[in-house]
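Remarks on the structure that follows.
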Amino acid sequence: MEKELLIEWHQGRELVYSFLARIYQEGPARDLLAALAGEDILAELATRSQNEDLITGCRLMQAELEARRRDLEAYRQELQGDYNRLFVGPGHLEAPPWESVYRSKEHLLFGEETLAVREFYRSFGLESKKKNQEPDDHLGLEMEFMAWLCREAAASIQSGGDAGHFLAGQERFLKEHLEQWVPALTADIQRAARTDFFRGLALFTRGWLASDTVEVEMVLEERPKG
């Protein structure tokens, strides 16, 4: 892949990971919903992909946004309720957004998986901005880390450096962490969500990670050996 195309590829992926980081950490913010409802972002993402989960997810979100756009605030409140029930509480969470809950035998927070994610961040000189407030393996934080890796890779290429370290980190984090638990999480979201927006988001998330893993592998394979 040529330099300019590689930079654009990383930057485009950064935007998607930043969107996922924000929606999973903050929920359906007004400005985010307004942007999705007022622009062709979801339609464009669908047309650029061949992943059926991603395409179906985009269409589900877009259809509900278009149907409810006349009263976006009422719709936002409905989505906020769905978001809270799925990810925040109070009470039983239908889709707890932490890696350790899905991967540990006890299904508890702050397990070995949390510490492994923390060490992965540290290997790139980072600490979670929500350390001691939110477990490091919250899905939103993991997505934010991927966005950072994409941003750093693009910046490295722009400055004439080698983005291999950041690209290899992306592949490892996708395979060792995100792909190990997000499919199960998104299945829970699909089962329990009461809105097509979150059903669609679950499909989009699963499809995006699957297709991005393949693309990252391909780009790494194209790099000069040695």
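Just so you know, all these numbers are worked out from the coordinates, no wet-lab data involved. Here the structure is a predicted model, which means the values were calculated and not measured. Here the Cβ is made from the backbone with ideal geometry for all residues, glycine too, and neighbour counts use every protein chain on show.
FRET efficiency for the pair ARG70 and LEU126, taken as 1/(1 + (r/R0)^6) with r the Cβ-Cβ distance and R0 = 25 Å, rounds to 0.05.
Think of the chain as a dipole: +1 on every Lys or Arg Cβ, -1 on every Asp or Glu Cβ, centred on the Cα centre; then among TRP181, GLY169, HIS107, HIS107 lies furthest on the positive end. Using a simple spin-label model with pseudo-atoms 7 Å out from Cα toward Cβ, ARG223 and ARG172 lie 1.1 nm apart.
Where in the chain are the DSSP H helices whose C-alpha atoms run 15 Å or more along the long axis and whose mean Kyte hydropathy is at least 0.0? Write out the running numbers ahead of the final one.
Working: long enough: 3-26 (34 Å, -0.37); 52-68 (24 Å, -0.22); 72-83 (16 Å, -1.30); 112-123 (16 Å, -0.81); 139-158 (29 Å, 0.58); 179-192 (20 Å, -0.27); 196-222 (38 Å, 0.29).
Span-like helices here: 139-158, 196-222.
Normalising by the residue count of the stretch 3-222, find the relative contact order in percent from Cα pairs under 8 Å and 6+ residues apart. Walk me through the intermediate numbers first.
Values: 268 pairs, mean separation 68.2, N = 220.
Relative contact order of the stretch 3-222: 31 percent.
Each part gets one Cα centre, and for the stretch 33-59 versus the stretch 118-152 those centres are 26 Å apart. The ranking of THR213, THR47, THR195 by Cβ neighbour count inside 10 Å, starting from the fewest, reads THR47, THR213, THR195.
Evaluated with a Cβ-only charge set (Lys, Arg +1; Asp, Glu -1), the chain carries a dipole of roughly 400 debye about its Cα centre, given to the nearest 20.
Please name whichever of HIS138, PHE120, SER159 sits farthest to the positive end of the charge dipole of the stretch 107-160, dipole taken about the Cα centre and charges placed at Cβ: Lys and Arg +1, Asp and Glu -1. Ranked along the dipole, the leading option is SER159.
The longest stretch of the chain left intact once loop-based trypsin sites (Lys or Arg not before Pro) with at most 16 other Cβ atoms within 10 Å are removed from consideration, loops following DSSP, is 132-193.
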